[in-house]
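One structure below.
The values are calculated or read from the model by the stated rules, or taken from the named source; none is laboratory data. Because the structure is a prediction, the values reported are computed rather than measured. Because the Cβ atoms are built from the backbone with ideal geometry, glycine has one as well, and the counts that use them run over all protein chains shown.
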Amino acid sequence: MKKVLITGASSGIGRSVAKMLSEKGYELFLVARREEKLIQLKDELKSSKIHIIPCDINKEESFEKIKVITGSHVDILINNAGLALGKDNVHESKIADWTQMIDTNITSSFRLVHLVLPWMMKQGMGDIINLCSIAGHYSYQGGAVYCATKHAVKAFTRALREETAGKNIRVMQVSPGMVETEFSQVRFKGDEQLANSVYSGMSPLTPDDIASMMVFMLDRPRHVVIDEIITMPQDQGSPTTIIRRST
């Protein structure tokens, strides 16, 4: 039975992919800060193969907790946790927001790979899916640091793919455009009106859309590696080209 570690599992894409993989019989280790949300998800899935790990991956002790609970024996890592904070120009932005984005999107994500990869190398098999973004391909005003973190994820994933080629370890990446999750609520720090305006007049992607792409990647024969899926809603041409319709 394959063991899957999913970060950011309490909502959005992480929650969707947890549900889909649970239905396929995987043993899941679900990581998120909000314990109550993880408990709700475990109850909903009704499976004895669900283990919840409530913790903040930006805290040092969390890595030891994950290591102890999983034994570092992880067959599939889905590095889903990530966030954007604010949409201010650099000179108006907050250093504390920079730090949290860098810690979450880069440092913690990379450290989780470092945690599970040695066992995958020893076993001669494993899968790693990093959630990136079209912000890792296109930079835009008001997103300098967020875009920089996602460019870093793309570069890290690419280098890791080179290092693991031929070792039966598949390193893959999904780079979505606009997906309607809690992303915008977090970015605008709970401003519901501003968050809702992000998706106004257009049809964004859903968490299930992205989760199903991850499952597709995992379901390919072992010799097939889907290096990256770049996906946007039909109403989006780039981070700054969005077609909105009057309601």
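Which residue pairs have Cβ atoms under 7 Å apart, sit 6 or more places apart or on different chains, and have a first residue in region 193-209 that is over 16 Å from Pro239 (Cβ atoms) and a second that is among the polar types (S, T, N, Q) and outside any loop (DSSP other than H, G, I, E, B)?
Ala195/Ser184; Ala195/Gln185; Pro207/Ser16; Asp208/Ser16
Every residue in region 199-216 that is over 23 Å from Leu5 (Cβ atoms) and either in contact with a His (Cβ under 6 Å, 6 or more places away or on another chain) or not in a loop (DSSP other than H, G, I, E, B) (or both), please.
Leu205 - this is the single residue of region 199-216 that is over 23 Å from Leu5 (Cβ atoms) and either in contact with a His (Cβ under 6 Å, 6 or more places away or on another chain) or not in a loop (DSSP other than H, G, I, E, B) (or both).
Give me a count of the residues in region 1-24 that are among the polar types (S, T, N, Q), part of a helix (DSSP H, G or I) and closer than 19 Å to Ser175 by Cβ. Even if it seems obvious, please write down each step before you answer.
As a first pass, look at region 1-24 and keep what is among the polar types (S, T, N, Q): 7, 10-11, 16, 22.
Restricting the remaining residues to those that are part of a helix (DSSP H, G or I) gives 16, 22.
Okay, now just the ones that are also closer than 19 Å to Ser175 by Cβ, so 16.
Final tally of qualifying residues: 1.
I'm trying to understand the selection: among the residues of region 200-247, which are of a type outside the set (S, T, N, Q), over 17 Å from the mean Cα position of the chain (by Cα) and farther than 17 Å from Ser133 by Cα?
Correct list: Gly201, Met202, Asp219, Arg220, Pro221, Arg222, His223, Val224, Val225, Ile243, Arg244, Arg245.
Among the residues of region 67-91 satisfying the criterion of being out of contact with any helix residue (DSSP H, G or I) (no Cβ under 7 Å at 6 or more places or on another chain) and touching a residue at least 60 places away in the same chain (Cβ under 8 Å), which is farthest from Ile134 (Cα to Cα)?
First, the residues of region 67-91 that are out of contact with any helix residue (DSSP H, G or I) (no Cβ under 7 Å at 6 or more places or on another chain): 68-71, 75, 88-89, 91.
Then keep just the ones that are touching a residue at least 60 places away in the same chain (Cβ under 8 Å); that gives 70, 75.
Details: Thr70: 31, Asp75: 27 Å.
It comes out as Thr70.
Please specify each residue of region 50-74 satisfying the condition of being out of contact with any strand residue (DSSP E or B) (no Cβ under 8 Å at 6 or more places or on another chain) and part of a loop (DSSP other than H, G, I, E, B).
Asp56, Asn58, Lys59, Gly71, Ser72
(1) modelled with pLDDT of 95 or more; (2) over 19 Å from Gln141 (Cβ atoms); (3) exposed (fewer than 12 other Cβ atoms within 10 Å of the Cβ): which one isn't true of Gln193, the others all being true?
Of (1) modelled with pLDDT of 95 or more; (2) over 19 Å from Gln141 (Cβ atoms); (3) exposed (fewer than 12 other Cβ atoms within 10 Å of the Cβ), only one is false for Gln193: (1).
Among the residues of region 75-91, are any under 30 Å from Phe188 (Cα atoms), outside any loop (DSSP other than H, G, I, E, B), of a type in the set (A, V, I, L, M) and within 17 Å of the chain's Cα centre (by Cα)?
Taking region 75-91 first, the residues under 30 Å from Phe188 (Cα atoms) are 77-91.
Narrowing the set further to residues that are outside any loop (DSSP other than H, G, I, E, B) leaves 77-79, 90-91.
Now narrow it down to the ones that are of a type in the set (A, V, I, L, M): 77-78, 90.
When the remaining residues are screened for being within 17 Å of the chain's Cα centre (by Cα), the result is 77-78.
Among the residues of region 75-91, at least one is under 30 Å from Phe188 (Cα atoms), outside any loop (DSSP other than H, G, I, E, B), of a type in the set (A, V, I, L, M) and within 17 Å of the chain's Cα centre (by Cα), which makes the answer yes.
Would you pick out the residues in region 107-163 that are in a helix (DSSP H, G or I) and either among the acidic types (Asp, Glu) or modelled with pLDDT under 95 (or both)? Give the derivation first.
Step one: of region 107-163, the residues in a helix (DSSP H, G or I) are 107-123, 134-136, 144-163.
Glu162, Glu163 - these are the residues of region 107-163 that are in a helix (DSSP H, G or I) and either among the acidic types (Asp, Glu) or modelled with pLDDT under 95 (or both).
From Arg187, Arg170, grab the single residue that is crowded, with 19+ Cβ neighbours inside 10 Å and under 20 Å from Phe216 (Cβ atoms).
Details: Arg187 fails: under 20 Å from Phe216 (Cβ atoms).
The conditions single out Arg170.
Check region 60-73 and report whether any residue there is under 20 Å from Val198 (Cβ atoms) and under 20 Å from the mean Cα position of the chain (by Cα). Full working, then the answer.
First pass over region 60-73, keeping only residues under 20 Å from Val198 (Cβ atoms): none.
No; the residues of region 60-73 include none that is under 20 Å from Val198 (Cβ atoms) and under 20 Å from the mean Cα position of the chain (by Cα).
Is it the case that region 217-230 has a residue that's surrounded by fewer than 16 Cβ atoms within 10 Å (Cβ to Cβ) and part of a strand (DSSP E or B)?
The first filter runs over region 217-230 and keeps only residues surrounded by fewer than 16 Cβ atoms within 10 Å (Cβ to Cβ), leaving 219-224, 227, 230.
Keeping just the survivors that are part of a strand (DSSP E or B) gives 230.
Among the residues of region 217-230, at least one is surrounded by fewer than 16 Cβ atoms within 10 Å (Cβ to Cβ) and part of a strand (DSSP E or B), which makes the answer yes.
I'm checking my understanding of the structure. Among residues of region 56-104 that are acidic (Asp, Glu) and surrounded by 14 or more Cβ atoms within 10 Å (Cβ to Cβ), which one is farthest from Asp208 (Cα to Cα)?
Per the stated criteria, the residue is Asp88.
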